[in-house]
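Working notes, beginning with the structure itself.
The values are calculated or read from the model by the stated rules, or taken from the named source; none is laboratory data. This structure is a prediction, so every number in the text was calculated from the model and none was measured. FYI the Cβ positions are ideal-geometry reconstructions off the backbone, even for glycines, and counts take in every protein chain you see.
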């Protein structure tokens with residue numbers, strides 16, 4: 001059974017490309033365009049195992065989302081994405097732009113593959 005991942009990004013193109021990369025790696029992917037929607041999904045779906053979120057989003061940023069999400073699901077794994085940040089604030093960071101191999105390697109090292 002594939003692992004369920006929630007991808008969060010406010011840029012539709014980045015969201016779609018990231019989701020497709022993860023699907024190609026064998027993951028079951030859900031998406032959200034903002035942190036509030038993501039928190040609702042995480043609260044409602046205990047089968048989400050990994051959160052992949054952009055750091056820089058309007059409203060609640062990815063760091064706050066990650067902290068709140070881990071509070072909801074203690075075993076949730078988190079990977080953060082950013083084109084400008086160099087610190088993932090305690091979470092594995094994938095720098096934008098990234099390739100499918102970059103994402104795969106980060107998952108392999110920090111969350112396991114799908």
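For the reader, a short list of remarks on this structure follows.
- Filter pass, residue 81 being at pLDDT 95 or above and either within 20 Å of residue 2 (Cβ to Cβ) or surrounded by 16 or more Cβ atoms within 10 Å (Cβ to Cβ) (or both): yes
- Output for segment 1-34, where each listed residue is assigned to a loop (DSSP other than H, G, I, E, B), out of contact with any strand residue (DSSP E or B) (no Cβ under 6 Å at 6 or more places or on another chain) and either buried (at least 17 other Cβ atoms within 10 Å of the Cβ) or modelled with pLDDT of 95 or more (or both): 10, 11, 25, 26, 33, 34
- The set of residues from segment 47-81 being assigned to a loop (DSSP other than H, G, I, E, B) and within 12 Å of residue 111 (Cβ to Cβ) comprises 75, 76.
- Options 62, 88: the member that is closer than 21 Å to residue 39 by Cβ, in contact with a strand residue (DSSP E or B) (Cβ under 7 Å, 6 or more places away or on another chain), at pLDDT 95 or above and surrounded by 14 or more Cβ atoms within 10 Å (Cβ to Cβ): 62
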